[in-house]
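Peer 1: Encoded as C-alpha cells, here's the structure I'll be asking about.
Quick note: the coordinates plus some simple rules give every number you see, no bench work behind them. Everything quoted here is computed from the prediction, not taken from an experiment. Quick reminder, even Gly has a Cβ in these numbers, built from the backbone with ideal geometry, and neighbours come from all protein chains shown.
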Amino acid sequence: MKGKKRVAALLILWAILLAAPMAMASEGAAAGAESRYDGFFSYVALACVVGLGLAAGGGGIGMGSAVAGVVNAMARNPGLYGKFFMILFIGLAFIESVVIYTLVVVLLLLYANPLL
Amino acid sequence: MKEPINYIWIPGLEHHAHVTFTWVIMIGFMFLAFALRGGYKMAPEGLQNVMEMIIQELANAADSVMGHHGRTYFPVIATLAFFILCANLIGLIPGCVSPTSNLNTTLALALIVFLLYQFVGVYTHGFGYIKQFLGPVWWLAWMMLPIEIISHLARPVSLSMRLFGNVRGDELVILVLGFLVPLVLPMPMIVMTILFSVIQTAVFVILTMVYISGALEEAH
C-alpha cells in the first residue's frame, strides 16, 4: 500500500514536471511571442537537470558500493592498502567518467545546442 | 555565442585563452627548470627539496603500477602530471583560465597518450601486438576484434572528457555559487576544486601508466 502511494506520488510529480514547460510555453504564446522554439528551452533545462540528477544518483550508488567493498577489503587485509587504493582509484575514475559524460552532454545542450 | 572576456589575454587570441595559458605554464616550467639547474646541490634545500619530493612520489607511483618499466616512461608521465596539475590549478588565480577547461587541450593530451601506448605496443611486440586484440581463444577472435577496437578508441574519449568535464564543472559550480552568494559560499567549493585538481591529475596519470603497461605485457 505504501509502495503504491509512493509510486503514485512520483507519477504525479513527473506529470507536474512535464506539464510545467507546456504551461510556460502557453504563457509565451499568450504574450504573442511567435516562435518555433516555444517551450523548447524549458524542456532543455528540464532534461538537463533530470538527466544529470539520474546520472549522479546512479554514479553515487555505484561509488558507494565500490568504496564499501574496498573498505571491507582493507579492514580484512590492511597489508595490501596500496594495491586496494589503486584499484579503488581507477574504479572510481571509471564510474565517475560515466557521470561526466552526462555532464558534457548537458553542457552541450546548454551552451552549444545542436538541435537549435 | 561570444563569452565576455574576463581574463588576461594577448591581442589576436581573445577567444583562445587556453592557448595563452598553456604558453604561460610552459614558460613557467622553463624558468623553473633553469632556476633548478643553476643551483643544483648534493644536499637539497628550498625549491630543489620540494621538486625532488614530488618527483620521488611520482617515481614511486610509476614503479608500483608499471614495475621495472616505470623508469623508461617516467619522463612523459611526469611531464603530463606537472602540466595537468598546473593547468588545473591556474584557473583558481583570478584573471586566469584553466587550459584543461577547454576540450581541445584535454583531447590533445589524451591523443598523445593514445598514440604513445599504441606505438609502444607495436614497438615492443611488432606484428604480434594484434594478439592483444584477438582475445584469449582463436575461435572468439571475430567477436573480440571489434570489441577491443571500440574499447581502445573509447580510451582517449573517456580520458579527455573526464578531465574536461571535471575542470569545467568545477568552474561552473564556483561561478553559479558566486552569482548566488558572492561572499563566503564559493570558498569551500574552491578548496574542493584544489582537491579535485589533484585527484584528476592522479587519475589521468595512473590511467596513462595502466594503458602503457597494458600495451607492454604479453597477450594471454
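Peer 1: Size of the dipole of the protein assembly as shown about the Cα centre, Lys and Arg at +1 and Asp and Glu at -1 on the beta carbon, nothing else charged, in debye to 20? Present the calculation step by step, with values, prior to reporting the outcome.
Peer 2: Details: 15 positive and 15 negative charges, 150 e Å.
Result for the protein assembly as shown is approximately 720 debye, rounded to the nearest 20.
Peer 1: State which stretch of chain B is the longest one without any exposed GluC sites (Glu not before Pro), exposure meaning a DSSP loop state and at most 10 other Cβ atoms within 10 Å. Show your work: numbers first, answer last.
Peer 2: On the way: sites that count: B:Glu45, B:Glu218.
The reported range is B:46-217.
Peer 1: To continue, here is another question. Full extension from B:Leu32 to B:Glu148: what is 0.36 nm times the residue separation minus their Cα-Cα distance, to one decimal in nm?
Peer 2: 37.6 nm
Peer 1: In degrees from 0 to 90, rounded to the nearest 10, what is the angle of the helix B:47-66 Cα long axis to the longest principal axis of chain B?
Peer 2: 30 degrees
Peer 1: Given the Cα-Cα distance of A:Met63 and A:Tyr37 and 0.36 nm per residue of separation, how much length would full extension add, in nm?
Peer 2: Details: separation 26, 0.36 × 26 = 9.36 nm, distance 3.85 nm.
So the extension gain works out to 5.5 nm.
Peer 1: Can I ask one more? Compute the angle between helix B:17-38 and the longest alpha-carbon principal axis of chain B, please, reported from 0 to 90 degrees and rounded to the nearest 10.
Peer 2: The answer is roughly 80 degrees.
Peer 1: Additional query: Kirkwood Rh over alpha-carbon pairs of chain B, then Stokes-Einstein at 20 °C and 1.002 mPa s: what D in µm² s⁻¹, rounded to an integer? Present the calculation step by step, with values, prior to reporting the outcome.
Peer 2: Values: Rh = 19.7 Å.
The estimated diffusion coefficient comes to 109 µm²/s.
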